[in-house]
1. Rolling a 1.4 Å sphere over the protein heavy atoms, what is the accessible area per residue of segment 128-265, to the nearest Å²?
2. Rounded to the nearest 5, what is the percent of antiparallel bridges among the DSSP beta bridges in segment 93-224?
3. Test of understanding: what is the full-extension gain from SER59 to ASN77, defined as 0.36 nm times their sequence separation minus their Cα-Cα distance?
4. Given springs between every Cα pair under 10 Å in a Gaussian network model of the chain, which of ARG80, ARG133, ARG177 has the largest fluctuation?
5. Pick from ASP125, ASP168, ASP56 the residue whose mean-square fluctuation is largest in a GNM of the chain, springs joining Cα atoms under 10 Å.
6. Multiply the residue gap between ILE251 and SER202 by 0.36 nm, knock off their C-alpha separation, and tell me the result in nm, one decimal place.
7. Looking at segment 41-111 only, what percent of DSSP beta bridges run antiparallel? Nearest 5 please.
8. How far is it, in nm, from the label point at GLU221 to the one at LYS186 when both lie 7 Å from their Cα along the line to the Cβ?
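The values are calculated or read from the model by the stated rules, or taken from the named source; none is laboratory data. Small disclaimer: the values here were computed from a predicted structure and weren't measured. Methodologically, a virtual Cβ is constructed for each residue, glycine included, from the backbone with ideal geometry; neighbour enumeration extends over all protein chains shown. In case anyone asks, the SASA skips ligands and DNA or RNA and just uses the protein heavy atoms, side chains included. Shrake-Rupley method; radii C 1.70, N 1.55, O 1.52, S 1.80 Å.
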Amino acid sequence: MGSCTKIVTVALASCRGLGAAVVRRNYCARAGQLKGIVFRQLFEPVSATYTYLLADAESKEAVLIDPVLDTASRDANLVRDLGLNLLYAANTHCHADHITGTGILKKLLPGCRSVISGDSGACADIHIKEGDRITFGKFSLETRATPGHTDGCLTYVLNDHSMAFTGDALLIRGCGRTDFQQGNPKTLYKSVHEKIFSLPESCLLYPAHDYTGQSVTTVAEEKRLNPRLTKSLEEFVKTMDNLNLPKPDQIDMAVPANLKCGIQD
């Protein structure tokens, strides 16, 4: 295995009804180090949310994607331990299943600024849109608007197109639901096919959530294996309109808080 690190993710069956499972996947952090980028994939188990830390190894400038309130202190400690300067805490959208950690991170790490789509309706220091870039050192994240789960969904694409952070628009062998928060299955289908599936097939895709213990996929895998998004548009819409899922446990608390950058009354 060399310098590759084996990541073990435990799916929380008690809240997902999936049965206890431990799935092992390999991720080679050394690959990122070789091109001068620091990369960490972090997990919050209650909402099964992934948070991503990216930094320029030389300048130490960093960005955090989709932080969670419950694990904000962990994230801040990691930033300090690695000697990084967190410039931005960016959300892929206004989440309904957890409270964002951006508000508290601004207090824990002075100088950090919150980022979200201007179409989200949420407060932030910086509102971004299609084509904008979040720059950290010699790296940047290109913003691609991928609405459909919500109006304000964004996908962040690393400048060399080697990895992308898809939020809830595209999950591993799945996608975000479209039955609340301005959800629209036709819009989501178009977003994924035009903005994500147009990336190089080798591009690594990192979602905001996973409930089966997986941590990463690729454009090629999802174009071939995603059971929803390999359907025709008509079949996809029918599938999404008939999921009949319960609403997220934290939605009534999370959405109002996230509209205010995760700051609760």
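1. That works out to 43 Å² per residue.
2. 70 percent
3. 4.6 nm
4. Taking springs between Cα atoms under 10 Å, the residue moving most is ARG80.
5. Taking springs between Cα atoms under 10 Å, the residue moving most is ASP125.
6. In short, 14.2 nm is gained.
7. Rounded to the nearest five, the antiparallel share is 65 percent.
8. 3.2 nm
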